[in-house]
Amino acid sequence: MKKQEKWMESFGEASEAVSEWREEHPRATFNDIENQVDGKVAKIRAEMIEDLVRESQLTNLTEIAKEGRPKCPVCGQVLASNGRQKRQLISSHEQVIEIERSKGYCRRCRVSFFPPG
């Protein structure tokens, strides 16, 4: 299934859930409705971010030619791969986003970090 189809399916499920919730809560306030919608949309947003991050070239530095790899922001040396690791990030809408990607290592500065992108 293409990622866009998966997103549309998730949106359809969220729309249905919000509609059902609204029927069960006919006296809900504007803020209640807004919170329900935001909660459902935040989950879809996190799913989209995870899918798009997985497409980044930086998920596996070993597959990038040395000249195309990110550089250390301190000394400018090309980063080596320090293996793939899982990370959990929290979105601006309080959703956990899990990604797995290469951690970069600067041999000169002797620091490891996840390059942006």
Checklist outcome for this item: By my count, strands (runs of 3 or more DSSP E) wholly in the range 1-113 with at least 3 residues that are surrounded by 14 or more Cβ atoms within 10 Å (Cβ to Cβ), in contact with a Pro (Cβ under 9 Å, 6 or more places away or on another chain) and not hydroxyl-bearing (Ser, Thr, Tyr) are 96-106
Next on the checklist: Any residue in the range 17-36 that is farther than 21 Å from His93 by Cβ sitting within a Cβ distance under 8 Å of a residue that is surrounded by 11 or more Cβ atoms within 10 Å (Cβ to Cβ)? List the pairs, counting only those 6 or more apart or interchain.
Outcome noted: His25/Asp32
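Each reported figure results from applying straightforward, stated rules to the coordinates on display, with no laboratory input. Since the model is a prediction, treat every value here as computed from it, not as a measurement. Cβ atoms come from the backbone with ideal geometry, glycine included; neighbour counts cover every protein chain shown.
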